[in-house]
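The values are calculated or read from the model by the stated rules, or taken from the named source; none is laboratory data. A quick note: this is a predicted structure, and the numbers were derived from the prediction, not measured. Heads up, the Cβs are rebuilt from the backbone with ideal geometry, glycines too, and the neighbour counts pull from every protein chain shown.
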């Protein structure tokens, strides 16, 4: 089975330029629903479900391979090679920002430009680096996920959505519940304990960074760190809350994409 | 109660220019969901539910006032006057195309440009005019609506959607079921027995016509008639089927809007 099939790849839209849409933790490719018509109007659009996510998540996930961002980046590169893609626009949300960074530092030929929405190379604070989390915050998070996944989702979803948008919270909860709890736990360990700063420093592809001014997972300082670390980067801050602006503030994101992707 | 409240008006988005989104028969303002982010990225967006439609449809509908397109046009003009709007972009689908034509011929100051998606000034064939329907077709339609509304919806919705899009059929069925059957019947009589050709001839506002190449309610000849009758008109044909391209082919519609609304 090809990676395109394994990850429930979809290819829609017209246009000569290809855009790859790669969602973040706890959602699936339906996270792009509000932006999809805008992309389809000007791009050949490829989307898929990350390993572990979506209705076939349990089949696509491998605890070893997907124990680091580089495993996901391998999935992406293999999928792009299967389709014979090169010089693409890549749009990643959250963990997919770092998957894109890893793939682009290894295979710059595949990417023309990268959009990162709510990305973070490291969630733990470090000397001279604000990630926003201390180890004890993460330990608590993992513990409550393991203890009662359903209860954890009920608390986690509205905080991550960050704005009073019942439909977005309901959708995000639904896709979180769709993940097998042990896979969800392993995925969040992989994300929150990752340190992708070295990979980011190797990215030569132009990167457009987008984040909100109040994102529980990504402090403003993270966006600023990325903008400084990437040789060719822009940073747009949306004056709104939440980690999922492509879902809760799609018009703001479109405005930025129109300016940045021309 | 203001018309804005009565028709469940929503005002979203940014931008200095105002766009009014007015849906067609059997849907409500959620019909704009796929296009809304595109509009919100560049317009101050006003939408509402037509009288008789949406969850408050039974309260807003008046059998006399809404027995002609001009009654709906009065609602629109009053709502725009309440909000102090002028020189707006107006986007209408289906029956709202003719509501816009009636309003613009009476009050040209309110409109800068009009987009008509799947509009028809007359559904009945006439001498030198192809509307697509004979009186016996309409009699049959009204009869089956009156006999068993639920069964009629089950047959009507997929034909009007016109493409194999289960979600669109389910959504359209849901909003059709939401209408009180006697109101739905009176509304379809009002639409199908209307003749708005004289009102269309008086429209001086620039009009961008959009329709699909295969629309059960609107033959190609109707779009051509409108393009000929309106002094300043463009006509774009989407090479797809269905009466609801803003729902089933939003990327195609966006491509046209970007070209026409600049």
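Hey, among B:183, B:191, B:210, which residue is modelled with pLDDT of 95 or more and over 25 Å from residue B:149 (Cα atoms)?
B:210
Check residue B:216 against each of (1) surrounded by fewer than 18 Cβ atoms within 10 Å (Cβ to Cβ); (2) touching a residue at least 40 places away in the same chain (Cβ under 8 Å); (3) within 14 Å of chain A (Cβ to nearest Cβ) and name the one condition it does not meet.
Failed condition: (3).
Condition test on residue A:199, is it surrounded by fewer than 19 Cβ atoms within 10 Å (Cβ to Cβ), more than 14 Å from chain B (Cβ to nearest Cβ), closer than 15 Å to residue A:100 by Cβ and modelled with pLDDT of 95 or more?
So residue A:199 does not fit the description; no.
Find the residue count for the stretch A:35-70, including only residues that are over 19 Å from residue A:186 (Cα atoms) and part of a helix (DSSP H, G or I).
So the count comes out to 5.
Quick one: is residue B:109 more than 14 Å from every other protein chain (Cβ to nearest Cβ), surrounded by fewer than 21 Cβ atoms within 10 Å (Cβ to Cβ) and free of Cβ contacts under 8 Å to residues at least 12 places away in the same chain?
The answer is no for residue B:109.
Can you find, within the stretch A:228-262, the residue that is nearest to residue A:26 (Cα to Cα) among those that are assigned to a strand (DSSP E or B) and more than 14 Å from chain B (Cβ to nearest Cβ)?
So the residue we want is A:241.
Could you grab me the full set of residues in the stretch A:20-34 that are within 14 Å of chain B (Cβ to nearest Cβ) and either surrounded by fewer than 24 Cβ atoms within 10 Å (Cβ to Cβ) or in a helix (DSSP H, G or I) (or both)?
Residues satisfying the conditions are A:30, A:31, A:32, A:33, A:34.
Which ones in the stretch A:35-54 are within 9 Å of chain B (Cβ to nearest Cβ), closer than 17 Å to residue A:96 by Cα and touching a strand residue (DSSP E or B) at 6+ places or on another chain (Cβ under 6 Å)?
If the condition is that a residue be within 9 Å of chain B (Cβ to nearest Cβ), closer than 17 Å to residue A:96 by Cα and touching a strand residue (DSSP E or B) at 6+ places or on another chain (Cβ under 6 Å), then A:45 is the only one that fits.
Kindly indicate whether residue A:169 is more than 30 Å from residue A:55 (Cβ to Cβ) and in a helix (DSSP H, G or I).
Working: more than 30 Å from residue A:55 (Cβ to Cβ): no; in a helix (DSSP H, G or I): yes.
No; evaluated as a whole, the condition is false for this residue.
For the stretch A:210-227, which positions are closer than 12 Å to residue A:120 by Cβ and outside any loop (DSSP other than H, G, I, E, B)?
A:211, A:220, A:221, A:222, A:223, A:224, A:225, A:226
Mind checking whether some residue in the stretch B:150-168 is at pLDDT 95 or above, in contact with a helix residue (DSSP H, G or I) (Cβ under 8 Å, 6 or more places away or on another chain) and over 22 Å from residue B:240 (Cα atoms)?
No - not one qualifying residue is present in the stretch B:150-168.
Checking the structure you have, find out if any residue of the stretch B:41-51 is within 20 Å of residue B:249 (Cα to Cα), surrounded by fewer than 23 Cβ atoms within 10 Å (Cβ to Cβ) and in contact with a helix residue (DSSP H, G or I) (Cβ under 7 Å, 6 or more places away or on another chain).
Yes, there is a match, as at least one residue in the stretch B:41-51 is within 20 Å of residue B:249 (Cα to Cα), surrounded by fewer than 23 Cβ atoms within 10 Å (Cβ to Cβ) and in contact with a helix residue (DSSP H, G or I) (Cβ under 7 Å, 6 or more places away or on another chain).
Given the criteria in contact (Cβ under 8 Å) with a residue 40 or more places away in the chain and part of a loop (DSSP other than H, G, I, E, B), does residue B:203 qualify? Break it down into steps so the answer makes sense when it comes.
Values: in contact (Cβ under 8 Å) with a residue 40 or more places away in the chain: yes; part of a loop (DSSP other than H, G, I, E, B): yes.
In short, yes.
Which members of the stretch A:4-17 meet the condition of being surrounded by fewer than 22 Cβ atoms within 10 Å (Cβ to Cβ) and either at pLDDT 95 or above or under 24 Å from residue A:120 (Cβ atoms) (or both)?
Within the stretch A:4-17, A:4, A:5, A:6, A:8, A:9, A:10, A:11, A:17 meet the criteria.
What about residue B:72, is it away from every other protein chain (no Cβ under 14 Å), touching a strand residue (DSSP E or B) at 6+ places or on another chain (Cβ under 7 Å) and crowded, with 23+ Cβ neighbours inside 10 Å? I'd like the intermediate steps shown before the answer.
On the way: away from every other protein chain (no Cβ under 14 Å): yes; touching a strand residue (DSSP E or B) at 6+ places or on another chain (Cβ under 7 Å): no; crowded, with 23+ Cβ neighbours inside 10 Å: yes.
When the stated conditions are applied, residue B:72 does not pass them.
Inspect all residues belonging to the stretch B:163-182 and state whether any of them is in contact with a strand residue (DSSP E or B) (Cβ under 6 Å, 6 or more places away or on another chain) and crowded, with 16+ Cβ neighbours inside 10 Å.
Yes, there is a match, as at least one residue in the stretch B:163-182 is in contact with a strand residue (DSSP E or B) (Cβ under 6 Å, 6 or more places away or on another chain) and crowded, with 16+ Cβ neighbours inside 10 Å.
Kindly check whether there is at least one residue in the stretch B:136-144 that is touching a strand residue (DSSP E or B) at 6+ places or on another chain (Cβ under 9 Å), in a loop (DSSP other than H, G, I, E, B) and under 24 Å from residue B:31 (Cβ atoms).
No, the stretch B:136-144 has no match at all.
For residue B:73, work out the one condition from (1) under 14 Å from the mean Cα position of the chain (by Cα); (2) assigned to a helix (DSSP H, G or I); (3) under 14 Å from residue B:187 (Cβ atoms) it doesn't fulfil.
(3)
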